[in-house]
1. Modelled with pLDDT of 60 or more, surrounded by 10 or more Cβ atoms within 10 Å (Cβ to Cβ) and β-branched (V, I, T) - does that describe any residue in segment 57-67?
2. Taking segment 11-56 on its own, how many of its residues are surrounded by 16 or more Cβ atoms within 10 Å (Cβ to Cβ), touching a residue at least 40 places away in the same chain (Cβ under 8 Å) and of a type outside the set (A, V, I, L, M)?
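The values are calculated or read from the model by the stated rules, or taken from the named source; none is laboratory data. Keep in mind that what you see is a predicted model, and the values were worked out from it rather than measured. Reconstructed Cβ throughout: ideal geometry from the backbone, glycine too, with neighbour counts over all protein chains shown.
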Amino acid sequence: MAANSDSIYATMPDWCALSGMRPAKTYDELSRGNLRAKKVGKRLLIDVQHGLAWLRTLPEPVINLRRAPRAVASVTTKTRRRRITSGARINLTGAP
């Protein structure tokens, strides 16, 4: 498959900023063949037009706004730890 001569390439940080994807997910999609890239020296350049076209093919998210409220613990772990450690010290050696 020949690459489009009008392709624009972006470095990994630029692609992540542009697409909103994280590097790990980008590498995952590259390995699956959903994204195209070129290696120039140590730099990985991602085909922006192909990547954006692929992103447009993804399904829209289903967002459920009616969610059951989360159960909130009455005492957090940090507070519990503070209560345990701030109490009276127990002398286990038998010395006064």
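1. Applying the first criterion (modelled with pLDDT of 60 or more) to segment 57-67 yields 57-67.
Adding the requirement that they be surrounded by 10 or more Cβ atoms within 10 Å (Cβ to Cβ) leaves none.
No, the conditions are met nowhere in segment 57-67.
2. 2
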